[in-house]
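The values are calculated or read from the model by the stated rules, or taken from the named source; none is laboratory data. On a predicted model such as this, the values are computed, not experimentally measured, just so you know. When we count neighbours, we look across all protein chains shown, and the Cβ atoms used for this are built from the backbone with ideal geometry, even at glycine.
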Amino acid sequence: MRRGIRKVLPVAAGVLLLACGLTLARGKEQAPERAPEIAPEKVPSLGPGAGAPAFRLPDVLGTKYSFGEEGGKKPLLLTFFSVFCDPCRADLLVLQKIQEKYGGNVDVAAVSLDGEPLKAVVAGFAKQEGYTFRVLLDEGDERRMFKVADAYRVTEMPTLFLVDRGGKVTFVGMGRFSEETLEKAVQAVLKK
């Protein structure tokens, strides 16, 4: 019996190696040398001078907030965030300082992209942090797209827009921003 195994084992190993070699050779023939260069273009967000889309969204308590339907009486400072985004959390602290300093003259709103299922998490986060500005919840439509974030062409978080009284975007910030930069932008809008 041992002699039979000793004779068959090298033949079986040879057949296995041959099969693996043929499989690898076929894979190399079918695979292109490099991936096709058809990466999608990055969609630009709304820039300064663009008209800010009107919207109506619920806040974390269920109260509806409308922008642009009645002709904005105040400028709007609007940011898009997630509670799981560390840069977003840092920027929300800056927004709170702007709210405390200019809240009577500027509407400040933060739109959560965490979705309806995490409404309680977002509400708890806003309460824990002591935010006094509006915390809104973007809603998905039938195509599973965000109503407001997609209208503003938000592609990364955090993204911030400053809209003047006439409904025009005057400042756009993506990623982290300084309190000084944002305050200068707010002051410029209030002088108009």
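Residues in the stretch 102-127 that are farther than 12 Å from residue 60 by Cβ and of a type outside the set (A, V, I, L, M): 102, 103, 104, 105, 107, 115, 117.
Among the candidates 18, 78, 92, 22, which residue alone is assigned to a helix (DSSP H, G or I), surrounded by 10 or more Cβ atoms within 10 Å (Cβ to Cβ) and modelled with pLDDT of 95 or more?
Values: 18 fails: modelled with pLDDT of 95 or more; 78 fails: assigned to a helix (DSSP H, G or I); 22 fails: modelled with pLDDT of 95 or more.
Exactly one residue qualifies, and that residue is 92.
Scan the stretch 95-139 residue by residue and report those that are part of a loop (DSSP other than H, G, I, E, B), without any contact (Cβ under 8 Å) to a residue 60 or more places away in the chain and within 21 Å of residue 64 (Cβ to Cβ).
Pass one, the stretch 95-139, residues part of a loop (DSSP other than H, G, I, E, B): 103-106, 113-115, 130-133, 138-139.
Add one more test, that the residue is without any contact (Cβ under 8 Å) to a residue 60 or more places away in the chain, and what stays is 103-104, 113-115, 130-133.
Residues satisfying the conditions are 103, 113, 114, 115, 131, 132, 133.
Look at residue 188 and say whether it is within 18 Å of residue 82 (Cβ to Cβ), part of a helix (DSSP H, G or I) and not aromatic (Phe, Trp, Tyr). Spelling it out, it is not the case that residue 188 is within 18 Å of residue 82 (Cβ to Cβ), part of a helix (DSSP H, G or I) and not aromatic (Phe, Trp, Tyr). Close Cβ contacts (under 8 Å, 6 or more residues apart or on different chains) running from residues in the stretch 57-82 that are closer than 16 Å to residue 148 by Cα to residues that are surrounded by fewer than 20 Cβ atoms within 10 Å (Cβ to Cβ) and modelled with pLDDT under 90 comprise 57/139; 57/147; 58/139. Summed over the stretch 52-68, residues that are part of a strand (DSSP E or B) and either of a type in the set (Ser, Thr, Tyr) or surrounded by 15 or more Cβ atoms within 10 Å (Cβ to Cβ) (or both) total 7. Checking each residue in the stretch 87-134 for being in contact with a Pro (Cβ under 6 Å, 6 or more places away or on another chain) and among the hydrophobic types (A, V, I, L, M, F, W, C) picks out 88, 106.
Taking the stretch 141-167 as the range and being loosely packed, with under 14 Cβ neighbours inside 10 Å and either without any contact (Cβ under 8 Å) to a residue 12 or more places away in the chain or over 12 Å from the mean Cα position of the chain (by Cα) (or both) as the test, the residues that pass are 141, 142, 143, 144, 145, 166.
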